[in-house]
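K.L.:
A single structure is presented below for examination.
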Amino acid sequence: MKPKSAQETIKLIKSRLQNVKFKIPVISGKGGVGKSMVSASLSLYLAKMGHKVAILDADIHGPSIPNMLGVKGRMIYGVDGIIPLSASNGVKVVSSAFLLPDERTPIIWRGPLKSNLILQLLEEVHWGHLDFLIVDLPPGTGDEALSIAQFIPDVTGDVIVTIPSQISWSVVKKAIEFSHTLNMRILGVVENMAWVKCPKCGEKIWIFGDSLQNLVEEEGIKYLGSIPLDPNLSSACDKGQLHFILEDTDYLQVMKPIVDNILASFEP
Ligand code: ADP
């Protein structure tokens, strides 16, 4: 069979995503900064607000979204295409993890094959009507992230996740350039694992030094907010119970300005 041209792939993906209002890739300059945790939290929070939400875990090497959301299983083919699995608050979940025999199996293919796997999911998943599709892109600004991001049509804008260290700032600048290269609007930057709450006085202790807020705003980019380094968060992710933490008032207070700032970007 003749391989599909890029144009054909774009056309197929576009028709699959025609009933999705907002498509938001979440990116990071490098791994381990909490991109997946932020993607999952955004999805759960938006769904809790009553929006119809799906998350595509496009982080092929470390597909951690199913773990964080406590979803296990296999995607199956329905009449209209692949059916996503369902997490708390009705969030639809699609991940390469659902295609592997078990969690120990790594995907050891070369770049183009891995990107093709995600493109195939984009071509074949039946998303239905959605308000938001959150895409957890592979970490970094290399080939894989690029080849997936450029096939998502009419991206609303991306969210960049970082930790607030000076080293990370140079990596954020790469993520900004990445977005510009793709003509992708940047909805803003989230600082994760930014501070801890002092158990005695409740003050914020910024563990990596000052917030990057000023530097972000000097680039003309919106600063969406900061998330603390919180052992409850990491254990909730490990146990597949991230949805429980969204019942916690402290975490709701942290996520609310971030989501409000994202939603404010869509207003005319
Ligand atoms: P990335 O997608 O950038 O590689 P992850 O979202 O997988 O990073 O997060 C890496 C690890 O850090 C995970 O174990 C996650 O549970 C944990 N983590 C992420 N953000 C926080 C946080 N704010 N507080 C505590 N642990 C966090």
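The values are calculated or read from the model by the stated rules, or taken from the named source; none is laboratory data. Note that the structure is a prediction, hence the values are computed from the model and not measured. Cβ sites come from the backbone with ideal geometry, for glycine too, and all protein chains shown count toward neighbours.
K.L.:
So, in the range 57-82, exactly how many residues are within 15 Å of the ligand (Cβ to nearest atom) and surrounded by fewer than 16 Cβ atoms within 10 Å (Cβ to Cβ)? Can you show your working first?
P.N.:
Within the range 57-82, the subset within 15 Å of the ligand (Cβ to nearest atom) is 57-70.
Then drop every residue that is not surrounded by fewer than 16 Cβ atoms within 10 Å (Cβ to Cβ), which leaves 61.
The total comes to 1.
K.L.:
So, Ile82, is that one under 20 Å from Leu130 (Cα atoms) and either part of a strand (DSSP E or B) or among the basic types (Lys, Arg) (or both) or not? It would help to see each step written out before you state the result.
P.N.:
On the way: under 20 Å from Leu130 (Cα atoms): yes; either part of a strand (DSSP E or B) or among the basic types (Lys, Arg) (or both): yes.
Yes, satisfied.
K.L.:
Out of the range 88-99, which residues are more than 15 Å from the chain's Cα centre (by Cα), within 20 Å of Leu119 (Cβ to Cβ) and buried (at least 18 other Cβ atoms within 10 Å of the Cβ)?
P.N.:
Taking the range 88-99 as the starting set, the residues that turn out to be more than 15 Å from the chain's Cα centre (by Cα) are 88-90, 97-99.
This time we only want the ones that are within 20 Å of Leu119 (Cβ to Cβ), so: 97-99.
Those that are more than 15 Å from the chain's Cα centre (by Cα), within 20 Å of Leu119 (Cβ to Cβ) and buried (at least 18 other Cβ atoms within 10 Å of the Cβ): Ala97, Phe98.
K.L.:
Of (1) under 19 Å from the mean Cα position of the chain (by Cα); (2) at pLDDT 90 or above; (3) surrounded by fewer than 23 Cβ atoms within 10 Å (Cβ to Cβ), Gly31 satisfies all except one. Which?
P.N.:
Evaluating Gly31 over (1) under 19 Å from the mean Cα position of the chain (by Cα); (2) at pLDDT 90 or above; (3) surrounded by fewer than 23 Cβ atoms within 10 Å (Cβ to Cβ) leaves (2) as the failure.
A quick yes/no check of all residues on (1) of a type in the set (Val, Ile, Thr); (2) touching a residue at least 40 places away in the same chain (Cβ under 8 Å); (3) on the phi > 0 side of the Ramachandran plot; (4) crowded, with 21+ Cβ neighbours inside 10 Å:
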position	(1), (2), (3), (4)
Pro153	no, yes, no, no
Asp158	no, yes, no, yes
Thr162	yes, yes, no, yes
Gln166	no, yes, no, no
Ile186	yes, no, no, yes
Glu191	no, no, no, yes
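K.L.:
Condition first: part of a strand (DSSP E or B) and within 16 Å of the ligand (Cβ to nearest atom). Now tell me which residues in the range 135-190 satisfy that. If you could, list the steps in order and put the result at the bottom.
P.N.:
Here is the first cut: in the range 135-190, the residues part of a strand (DSSP E or B) are 135-136, 158-162, 186-190.
Selection gives Val135, Asp136, Asp158, Val159, Ile160, Val161, Thr162, Val189, Val190.
K.L.:
Among the residues of the range 193-233, what is the count of those that are in a strand (DSSP E or B), surrounded by 19 or more Cβ atoms within 10 Å (Cβ to Cβ) and not aromatic (Phe, Trp, Tyr)?
P.N.:
Matching residues across the range 193-233 total 3.
K.L.:
Moving on to the next point. Scan the range 24-42 and tell me whether some residue there is within 16 Å of the ligand (Cβ to nearest atom), assigned to a loop (DSSP other than H, G, I, E, B) and hydrophobic (A, V, I, L, M, F, W, C). Full working, then the answer.
P.N.:
At the first step, the residues of the range 24-42 found to be within 16 Å of the ligand (Cβ to nearest atom) are 24-42.
When the remaining residues are screened for being assigned to a loop (DSSP other than H, G, I, E, B), the result is 29-34.
Now restrict to residues that are hydrophobic (A, V, I, L, M, F, W, C): 33.
Looking for residues that are within 16 Å of the ligand (Cβ to nearest atom), assigned to a loop (DSSP other than H, G, I, E, B) and hydrophobic (A, V, I, L, M, F, W, C), one finds at least one in the range 24-42, hence yes.
K.L.:
A follow-up question, please. Give me the residue from the range 250-267 that is assigned to a helix (DSSP H, G or I) and more than 15 Å from Ile24 (Cβ to Cβ) and, out of that set, modelled with the lowest pLDDT.
P.N.:
Initial filter on the range 250-267 (assigned to a helix (DSSP H, G or I)): 250-264.
Narrowing further to those that are more than 15 Å from Ile24 (Cβ to Cβ): 250-254, 256-257.
Working: Asp250: 88, Tyr251: 92, Leu252: 92, Gln253: 93, Val254: 95, Lys256: 96, Pro257: 97.
Checked the range 250-267; the qualifying residue modelled with the lowest pLDDT is Asp250.
K.L.:
Restricting to the range 191-239, name every residue that is among the aliphatic types (A, V, I, L, M), under 17 Å from the mean Cα position of the chain (by Cα) and more than 10 Å from the ligand (Cβ to nearest atom).
P.N.:
Taking the range 191-239 and keeping what is among the aliphatic types (A, V, I, L, M), we get 193-194, 196, 205, 207, 212, 215-216, 221, 224, 227, 229, 233, 236.
Imposing the further condition that a residue be under 17 Å from the mean Cα position of the chain (by Cα) reduces the set to 193, 224, 227, 233.
The one that is among the aliphatic types (A, V, I, L, M), under 17 Å from the mean Cα position of the chain (by Cα) and more than 10 Å from the ligand (Cβ to nearest atom): Leu224.
K.L.:
Just to be sure before I move on: is Leu85 surrounded by fewer than 23 Cβ atoms within 10 Å (Cβ to Cβ) and closer than 30 Å to Asp238 by Cβ in the structure I sent? Let's see the steps before the verdict.
P.N.:
Working: surrounded by fewer than 23 Cβ atoms within 10 Å (Cβ to Cβ): yes; closer than 30 Å to Asp238 by Cβ: yes.
Considered against the rule, which asks whether it is surrounded by fewer than 23 Cβ atoms within 10 Å (Cβ to Cβ) and closer than 30 Å to Asp238 by Cβ, Leu85 comes out as yes.
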